[in-house]
1. What number of residues in segment 638-678 are among the charged types (D, E, K, R) and under 24 Å from residue 729 (Cα atoms)?
2. What's the number of the condition residue 166 fails, among (1) under 53 Å from the mean Cα position of the chain (by Cα); (2) modelled with pLDDT under 75; (3) among the hydroxyl-bearing types (Ser, Thr, Tyr)?
3. Please find, among 443, 486, 471, the residue that is in the same structural domain as residue 412 (by the TED database) and touching a strand residue (DSSP E or B) at 6+ places or on another chain (Cβ under 7 Å).
4. Considering segment 688-724 alone, what residues qualify as being under 16 Å from residue 439 (Cα atoms) and assigned to a loop (DSSP other than H, G, I, E, B)?
5. For residue 458, only one of the following conditions fails: (1) open to solvent by 10 Å² or more (accessible area, probe 1.4 Å); (2) modelled with pLDDT of 95 or more; (3) within 21 Å of residue 653 (Cβ to Cβ). What is its number?
6. Among the residues of segment 614-636, write down those that are farther than 18 Å from residue 395 by Cβ and either modelled with pLDDT under 90 or among the charged types (D, E, K, R) (or both).
7. How many residues does segment 70-93 contain that are open to solvent by less than 80 Å² (accessible area, probe 1.4 Å) and farther than 22 Å from residue 16 by Cα?
8. Would you check which residues across segment 493-502 are without any contact (Cβ under 8 Å) to a residue 60 or more places away in the chain and more than 13 Å from residue 464 (Cα to Cα) and list them?
Amino acid sequence: PGSDTYKGWLFKWTNYLKGYQRRWFVLSNGLLSYYRTQAEMAHTCRGTINLSTAHIDTEDSCNIVLSNGGRTYHLKANSEVERQRWVTALELAKAKAIRMRNNQSDDSGDEEPASQSDKSELHGPLKTLSSKLEDLSTCNELIAKHGAALQRSLSELENLRLPADSGEKIKAVNERATLFRITSNAMINACRDFLDLAESHSRKWQRLLQHEREQRIRLEETIEQLAKQHNSLERACRGAPGLAAGTASISSTAKGSVQSAKGEASDEDEETEYFDAMEDAPAFITVTADPKHHRRSGSNLSGASEGHPEDWNLEDSVFESSNQSSYNESTGKDLLPRKRRRSRIPDKPNYSLNLWSIMKNCIGKELSKIPMPVNFNEPLSMLQRLTEDLEYHELLDKAVKCESSTEQMCFVAAFSVSSYSTTVHRTAKPFNPLLGETYELDRLEELGFRSLCEQVSHHPPAAAHHVYSRRGWTLWQDITISSKFRGKYLSIMPLGAIHLEFHSSGNHYVWRKVTSTVHNIIVGKLWIDQSGEIEIVNHKSKDKCQLKFTPYSYFSRDVPRKVTGVVSDADGKAHYVMSGTWDEKMECSKIVHSSHGSTSTEGKQKTVYQTLSPKVLWRKYPLPENAENMYFFSELALTLNEPEERVAPTDSRLRPDQRLMESGRWDEANVEKQRLEEKQRAVRRRREAEAVEALEEGKDYEGYIPLWFERKVDAVTGELVCVYKGGYWEAKDKQDWSVCPDIF
């Protein structure tokens, strides 16, 4: 117990359901850390308590209580002897930690980094320390030997019957005791020498440690600077005049730099990737297979080069066609050239505002009912944010060409993840749409699709969305946003299903969104995380894809914002493994063999998937230059609020407070926002009065009726949803907006 490091098993109190659980504890350098297993010491620490400021208490014969501020550990040993060993070790470690802290405070003025000569001087003391440590070990062995002999002598003394023999035995006992005392003194002296020598060099070690820490910080700053320069070079390359013709028609996969992914494949082939288990699915591991044993003949590789491990083929050539430089060359010949749209908006003003003065009275309330100034908004409405899901619509255009439903599911899964890529830096709140507000995005002639959103309910806020693509797919959704402010973080929970149907095959996919959480609302830098699971179901073929969004954890070794999943058919057979991050890219690996592996520590059996090298299905577009001063808008987001002619008078582009905010006139925007909200409240009060009057007269009151959508029971989910009933685009052609209310 007196050594620098002490390890062993203890029982730690967890909760009232599980009680005490066996944990592996390690005491070292004044810190007590614990792990679930000894193997976890290499990668995952479950908790650490600093003994220099901790209070050590003993409740009964086997319990130990450690408390440090707001953290308390209730521990239990197997026996009273084991408990006493741990208490002794903890007290010694605490005393040593206090001495080290005091020495550091005394030596705070000496911050010169150690030179190379100082480092070389350490070798001599280290050898001396090793020698002293060997002396301690020798003394320890002698103490054990003489202690055992002394114990035997004492036992013989107790069993004596004849007084005549007692003198000789007592003499032998005294000799043993003398030897024991001499050995103990020698050990104490060796310990004293060891401690003095260690203390004399502790300050030099601290300086060396500080120097290494400073070196690490400088290295991190250098890497961060290199990353920024790399990002700037990417933007400069993307905007180079020589590449202008090529970038005008680059598809999403080409923008995702598939060539870069191929360059990384050589490293990935040598590694085994591990994926977290989903709650309703067994854990699984993917192992990259040798492509030589799973490659088709060269005639089926669609031009893939022979001998590269990343060239694997599926049932058709959709994955290979995703490497083409221009999607328009194959399917977009009938589309017009893209219209030149704006690439920047006015920079965000630097206004300061006390967030806590507004938020302290709003804890626990529904976010949509909290009066917010535009200082916390971005100049887009929720309808426009919903339309941003279409930024990577090319994934659905590619999915149309898939002959296999499981292969098509891979593209649909990548599309469902891509909708979160714009949220990583977007911590500002979009404008709550007014009841009856609409937003259209007509890109039928340029990109082959047209989109329409309408706010169909105000409390709770709900929006209906319908997208038609002439390339062979239709998407619709009815989303209700539920959000709660919890003091430290804000939870945003989209309720409702997203439907996607492909015209030629009739495949009908349904999925729901995960929960978004905005952290550090009061103190610190705002950051957003996505967590939960998405189950995508093809209701025609019964194929499924389970995607898990792993929440961020400080102690996890996983890549942040990690997404993993498996695509399986109606029989439950897994065909593809999906992996990536929701803010960067998604990859797809074809499974060539699956087997059941060992059982995990949680009792779940892991499934081992042997896969071919992954293919990049989606990669996030780089943000425009100066995006940090333009609310971190993507290229599509910059164009969403661009003024357009012939739109409906209820379109979000015509909302005055949002337009004033985009122009940087925030004070005027706040006044206009308050006017619009008061106007909407007056309309709601009038509608409530009409409902009361109808009730008194015994009449039915239908309430608000959406303009372009109608409420129906969904045949797939059985829920009451709003679906597009038609008429909007015909009204736009005629410029007949007589049915639109005056909401602005």
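1. Here is the first cut: in segment 638-678, the residues among the charged types (D, E, K, R) are 642, 644-646, 651, 653, 655, 657, 659, 662, 665, 667-668, 672-673, 675, 677-678.
With the extra rule that they be under 24 Å from residue 729 (Cα atoms), the set shrinks to 642, 644-646, 651, 653, 655.
Selection size over segment 638-678: 7.
2. Among (1) under 53 Å from the mean Cα position of the chain (by Cα); (2) modelled with pLDDT under 75; (3) among the hydroxyl-bearing types (Ser, Thr, Tyr), residue 166 violates only (1).
3. Details: 486 fails: touching a strand residue (DSSP E or B) at 6+ places or on another chain (Cβ under 7 Å); 471 fails: touching a strand residue (DSSP E or B) at 6+ places or on another chain (Cβ under 7 Å).
443 is the lone residue from the list that is in the same structural domain as residue 412 (by the TED database) and touching a strand residue (DSSP E or B) at 6+ places or on another chain (Cβ under 7 Å).
4. 706, 707, 708
5. Looking at each condition in turn, residue 458 falls short on (2).
6. Answer for segment 614-636, where residues must be farther than 18 Å from residue 395 by Cβ and either modelled with pLDDT under 90 or among the charged types (D, E, K, R) (or both): 625, 628.
7. Let us first name the residues in segment 70-93 that are open to solvent by less than 80 Å² (accessible area, probe 1.4 Å), namely 72-77, 79, 82-83, 86-90, 93.
This time we only want the ones that are farther than 22 Å from residue 16 by Cα, so: 79, 82-83, 86-90, 93.
Residues meeting the conditions: 9.
8. So in segment 493-502, the residues without any contact (Cβ under 8 Å) to a residue 60 or more places away in the chain come out as 493-495, 501.
Answer for segment 493-502, where residues must be without any contact (Cβ under 8 Å) to a residue 60 or more places away in the chain and more than 13 Å from residue 464 (Cα to Cα): 493, 501.
The values are calculated or read from the model by the stated rules, or taken from the named source; none is laboratory data. These numbers come from a predicted model, not from an experiment. Don't worry about glycine lacking a Cβ; one is built from the backbone with ideal geometry, like all the others, and counts go over all protein chains shown. Please note that ligands, DNA and RNA were not included when accessible areas were found on the heavy atoms of the full protein model with its side chains. Shrake-Rupley method; radii C 1.70, N 1.55, O 1.52, S 1.80 Å.
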